[in-house]
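Q: Here it is, the structure, as structure tokens.
The values are calculated or read from the model by the stated rules, or taken from the named source; none is laboratory data. It should be emphasised that the depicted structure is a prediction, and the values quoted were computed from it without experimental measurement. Glycine also receives a Cβ, built like all others from the backbone with ideal geometry; neighbour counts cover every protein chain displayed.
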């Protein structure tokens, strides 16, 4: 587990990121990777003197397999609350989300084929639903460790959100702004290439680009420091 800001840690792989916010020993998990990523969490928490029972909340930026994959397991082990935007909550409850439009169009390209193998071996095709999901909306300040504020950034999914830790200036951008194109390998801030509504997604990307924040933590790629 990598420290990326004071009280903020990154987990995941070279393909997918998820995060932990430590607020005086009470924890919020932001996204949950694929099901196969779960084991990173107890091991990583132990390295900073925390346990999975310290997790108070699980926040989902959007309902895709690489972001909700371990949510049911983390909730089962921690008894934490699970929260998602109103427009994506039903998908989190149901499990096994559909991929975005056009997701498999580049499956023949070697780099992306490796990513698809990675996703499959980490459980992407079978995501457990979360029976109880609380909902939030744009502008809400969430009563969870870190107290992030919600920025509704639709387009990638209808209920996609970014989460802003206003006290520290950290922004979790989910997939509205990423710094890695998993098909080409290109790096740097960009809108992700697959979206339910491309026009909305571009507007959401521009909204995040315009924010005055020192650190953006993305769903895919390295942190972006302004």
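Q: Within segment 14-32, which residues are assigned to a loop (DSSP other than H, G, I, E, B) and modelled with pLDDT of 95 or more? Even if it seems obvious, please write down each step before you answer.
A: First pass over segment 14-32, keeping only residues assigned to a loop (DSSP other than H, G, I, E, B): 14-16, 24-25, 31-32.
Selection gives 16, 31, 32.
Q: While we're on this one: Return the total of residues in segment 156-172 being farther than 22 Å from residue 112 by Cα and surrounded by 20 or more Cβ atoms within 10 Å (Cβ to Cβ).
A: 10
Residues are listed down the side, and each one gets a yes or a no for (1) within 18 Å of residue 145 (Cα to Cα); (2) without any contact (Cβ under 8 Å) to a residue 40 or more places away in the chain:
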position: 7; (1), (2): yes, no
position: 22; (1), (2): yes, no
position: 25; (1), (2): yes, yes
position: 37; (1), (2): no, no
position: 45; (1), (2): yes, no
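Q: Just one of 57, 107 is in a loop (DSSP other than H, G, I, E, B) and either touching a strand residue (DSSP E or B) at 6+ places or on another chain (Cβ under 8 Å) or free of Cβ contacts under 8 Å to residues at least 24 places away in the same chain (or both); which is it?
A: Criteria check complete, one pass: 107.
Q: Ok, one more. Using the structure shown, decide if residue 83 is touching a residue at least 60 places away in the same chain (Cβ under 8 Å) and out of contact with any helix residue (DSSP H, G or I) (no Cβ under 8 Å at 6 or more places or on another chain).
A: yes
Q: Just checking, which of 93, 75, 81 is modelled with pLDDT of 95 or more, in contact with a strand residue (DSSP E or B) (Cβ under 6 Å, 6 or more places away or on another chain) and either surrounded by fewer than 19 Cβ atoms within 10 Å (Cβ to Cβ) or closer than 30 Å to residue 209 by Cβ (or both)?
A: Result: 81 is the single residue among 93, 75, 81 that is modelled with pLDDT of 95 or more, in contact with a strand residue (DSSP E or B) (Cβ under 6 Å, 6 or more places away or on another chain) and either surrounded by fewer than 19 Cβ atoms within 10 Å (Cβ to Cβ) or closer than 30 Å to residue 209 by Cβ (or both).
Q: While we're on this one: Among the residues of segment 33-54, count how many are more than 25 Å from residue 195 (Cα to Cα) and either part of a loop (DSSP other than H, G, I, E, B) or touching a strand residue (DSSP E or B) at 6+ places or on another chain (Cβ under 6 Å) (or both). Steps first, please.
A: Going residue by residue through segment 33-54, those that are more than 25 Å from residue 195 (Cα to Cα) are 38-54.
Imposing the further condition that a residue be either part of a loop (DSSP other than H, G, I, E, B) or touching a strand residue (DSSP E or B) at 6+ places or on another chain (Cβ under 6 Å) (or both) reduces the set to 38-40, 44, 48-51, 54.
Of the residues in segment 33-54, 9 are more than 25 Å from residue 195 (Cα to Cα) and either part of a loop (DSSP other than H, G, I, E, B) or touching a strand residue (DSSP E or B) at 6+ places or on another chain (Cβ under 6 Å) (or both).
Q: Give the residue, chosen from 186, 147, 193, that is surrounded by fewer than 16 Cβ atoms within 10 Å (Cβ to Cβ) and out of contact with any strand residue (DSSP E or B) (no Cβ under 7 Å at 6 or more places or on another chain). Spell out how you get there, then give the answer.
A: Numbers: 147 fails: out of contact with any strand residue (DSSP E or B) (no Cβ under 7 Å at 6 or more places or on another chain); 193 fails: surrounded by fewer than 16 Cβ atoms within 10 Å (Cβ to Cβ).
None of the other options fit; the residue is 186.
Q: If I filter segment 191-199 for residues that are more than 18 Å from residue 60 (Cβ to Cβ), touching a helix residue (DSSP H, G or I) at 6+ places or on another chain (Cβ under 8 Å) and modelled with pLDDT of 90 or more, do I get at least one hit?
A: Yes, segment 191-199 contains a residue that is more than 18 Å from residue 60 (Cβ to Cβ), touching a helix residue (DSSP H, G or I) at 6+ places or on another chain (Cβ under 8 Å) and modelled with pLDDT of 90 or more.
Q: Would you mind telling me which numbered condition in (1) under 16 Å from the mean Cα position of the chain (by Cα); (2) closer than 19 Å to residue 175 by Cβ; (3) part of a helix (DSSP H, G or I) residue 75 fails?
A: The failed condition is (2).
Q: If we scan segment 111-123, do we find a residue that is surrounded by fewer than 15 Cβ atoms within 10 Å (Cβ to Cβ), within 24 Å of residue 176 (Cβ to Cβ) and at pLDDT below 95?
A: yes
Q: Would you tally the residues in segment 13-51 being farther than 19 Å from residue 128 by Cα and within 15 Å of the chain's Cα centre (by Cα)?
A: 8
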